[in-house]
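Here the structure is laid out as structure tokens; the discussion comes afterwards.
Bear in mind that the values in this text are calculations on the coordinates, not laboratory data. Bear in mind that the values here come from a model prediction, so they are computed numbers and not experimental data. Every residue, glycine among them, receives a Cβ derived from its backbone with ideal geometry; neighbour counts consider all protein chains shown.
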Amino acid sequence: MAWLVTGAQGCIGSWVVRRLLERGEPVTVFDVDTQPRRLAQILTKDELGRVQFAAGDIADTAAVRTALERAGAQRVIHLAALQVPACQADPARGARVNVVGTLNLFEAALALGLKRIVYASSCAVAGPPEDYAGERFDAGSIPSPRTHYGVFKLANEGNARVYAETRGLASIGLRPWAVYGVGRDYGLTSDPTKAIKAAVLGRRYELQFGGRIDMQYTADVAEIFIRAAEADIPGAHVFNLRGEVLKVEEIVSIIERIVPEARGLLTHRQNQLPIVPDFDDAPLRQLLPGLPHTRFEDGVAETVKLFRQLQAEGRLPTDELK
């Protein structure tokens, strides 16, 4: 079964590719970034050699159609997007990539006879905790995004529904929260991973927020995207993801427990991110039983192990910590 993964040079995409290769699946990566630096952190050279690369911009209609056609893909996972900082800096470009790019992929899928798409929405469709009774976001909660990025993701959810209702293209949108693990080096919620890396390196690091946050291990998130892409479910659906909701001081304490020599190196600010932290994922787990769920402490231990291995090999990038 051939797969196309857009935005696979990012963190979640890299782990999706790793999972697919472990299963022996042929996979084509479509990304504007031509340097597989995140993939190279978690794949062997042999594994990297099995990946087909298609360079192109998701906002380029013809390039998307060509990549999908050449890949011969029967399954598509759409992750290509600009993150919160880039959308905030240039909203028009953010809309071209995040919204028009998604429309391009849906149109290409229809033209080539695909039946479904799985795409990344985001917890950023939700508003801050004070918008929700009990600070919990469930299937009945009303989205109230506070960033351009969140607005764009909400637009994609609406467009996916229209495609299902008017043209029969099924889809599942997934809403990750704070994904962490090797390769997570950019975006609003990348600070916990940066803190883990700083601990391994023995450097000081200040997380730019406090409050509560939902930590989701990237290997779990990748597997959930794959399972969703394999699900033969008609219509358009959107599901929350949930990992482990923690206070930022608890995150720091767990990192220090795994890396004792980092005690006193990690600090954090007090401001709460403008997204309700507690998402209900029960509908997804009822639909797809047996989805992975890694405890944060175990995910940190695995991330530390991988960072130390990369460090020993002289391949641990540190640019994001400057």
| message | Only bridges whose two residues both fall in the chain count here: according to DSSP, what percent of them are antiparallel, nearest 5? | response | 10
| query | What nm distance separates the two modelled labels at Arg315 and Glu302, each placed 7 Å from Cα along Cα→Cβ? | reply | 1.9
| 17 Å Cα cut-off, lysine pairs counted over the chain (separation 8 or more, or different chains) | 5
| note | Quick P(r) readout (the chain; Cα-Cα; 10 Å bins; whole %) gives 6, 27, 36, 24, 6, 0
| query | Which whole-number percent is the relative contact order of the chain (Cα, under 8 Å, 6+ apart)? | reply | 19
| remark: GNM on the chain, Cα springs under 10 Å; top mean-square fluctuation among Phe279, Phe209, Phe106 goes to Phe209
| note | Of 38-48, 119-129, ordering from highest average Cβ density within 10 Å down gives 119-129, 38-48
| Based on Cβ point charges of +1 for Lys and Arg and -1 for Asp and Glu, what charge dipole magnitude is obtained for the chain about its Cα centre, in debye rounded to the nearest 20? | 460
| remark: Proxy exposure order for Ser171, Ser14, Ser190 (fewest C-beta within 10 Å first) is Ser190, Ser171, Ser14
| Taking the chain as a Gaussian network, where each spring joins two C-alpha atoms under 10 Å apart, which residue of Ile142, Ile58, Ile172 fluctuates the most? | Ile142
| remark: Gyration tensor on Cα atoms of region 202-283, a ≥ b ≥ c root eigenvalues, a/c under 1.5 rounded, else prolate if a/b beats b/c, else oblate, says prolate
